[in-house]
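**Student:** Would you mind keeping the following structure in view while I ask a few things?
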Amino acid sequence: MCSMTTLSPRRAAILTFIRDRIAQNDQPPSLAEISAAFGFASRSVARKHILALTEAGYIEVTANQARGIRLVQTGRRAEMLDIPVLGRVAAGAPIGPDIDLHDTFTLDSRTFLRVPDYLLRVKGDSMIEDGIFDGDLVGILQSAEARDGQIIVARLDGEVTIKRLERAENQLRLLPRNPAYQPIVVRPDQDFAIEGVFCGLVRRE
């Protein structure tokens, strides 16, 4: 791999931006977000920088994915893992629980930045602006805690949904990433729990 000093200041800044977004949101930025952050006139400019970072060995890019950028994990060995598929999760209005062992999926451990505890199949289109589509298998890291802005799987009054968490003053909201859907405001009298944090996805073409 090329050393960091071989990168131009702009490309080093873009790489840092990608790393920060992955650390903060558990997913990479889209080309549109990179363009907006650096004031590029079009996504093609961002694409040029991403290609250069790919050729330099800093990142890998999965074709035909809105958020297909992955950091290259140096020294991380390939390992095949059987990850359980535990059912469905709503990307829309919450759906009834369907959490049970439905299947297992064999994956290279390097598919995800963090190896998920389980996978859920997405039902609906409320998260499309985050690159999560109907039918995707989302990797979930089991956790009862999450930071503001993270994508989570939440249980609300016994029903399960995937949304972005917003912690406002004295209020929790579950934010869709599709303008056709309204945010879900979690009322104090509702039974609410965070089941896990999103850590990537698998899409069968």
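The values are calculated or read from the model by the stated rules, or taken from the named source; none is laboratory data. In this text the structure is predicted, and so the values were computed from the model without any measurement. Positions of Cβ are generated from backbone atoms using ideal geometry, with glycine treated the same way; all protein chains shown enter the neighbour counts.
Okay, residues lined up against (1) outside the structural domain of Leu107 (by TED's automatic domain parsing); (2) assigned to a helix (DSSP H, G or I); (3) touching a residue at least 12 places away in the same chain (Cβ under 8 Å):
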| residue | (1), (2), (3) |
| --- | --- |
| Arg47 | yes, yes, yes |
| Gly57 | yes, no, yes |
| Ala63 | yes, no, no |
| Leu86 | no, no, yes |
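**Student:** While we're looking at this one, here's another question. Looking at Arg147, Arg167, can you tell me which residue is over 15 Å from Glu195 (Cα atoms) and touching a strand residue (DSSP E or B) at 6+ places or on another chain (Cβ under 9 Å)?
**Tutor:** Numbers: Arg147 fails: over 15 Å from Glu195 (Cα atoms).
Unique residue meeting the criteria: Arg167.
**Student:** Could I ask something else about it? Which strands (runs of 3 or more DSSP E) does segment 119-198 wholly contain that include 1 or more residues that are more than 21 Å from Ala23 (Cα to Cα) and at pLDDT 90 or above?
**Tutor:** The qualifying strands (runs of 3 or more DSSP E) are 151-156, 159-168, 171-175, 184-186.
**Student:** Is there any pair linking a residue in segment 185-205 that is in contact (Cβ under 8 Å) with a residue 12 or more places away in the chain to one that is of a type in the set (S, T, N, Q), with Cβ under 6 Å and at least six apart or on different chains, and which?
**Tutor:** Correct list of pairs: Gly196/Gln142; Gly196/Ser143; Val197/Ser143; Val197/Gln150.
**Student:** If we scan segment 173-182, do we find a residue that is surrounded by 14 or more Cβ atoms within 10 Å (Cβ to Cβ), closer than 19 Å to Pro28 by Cβ and aromatic (Phe, Trp, Tyr)?
**Tutor:** No.
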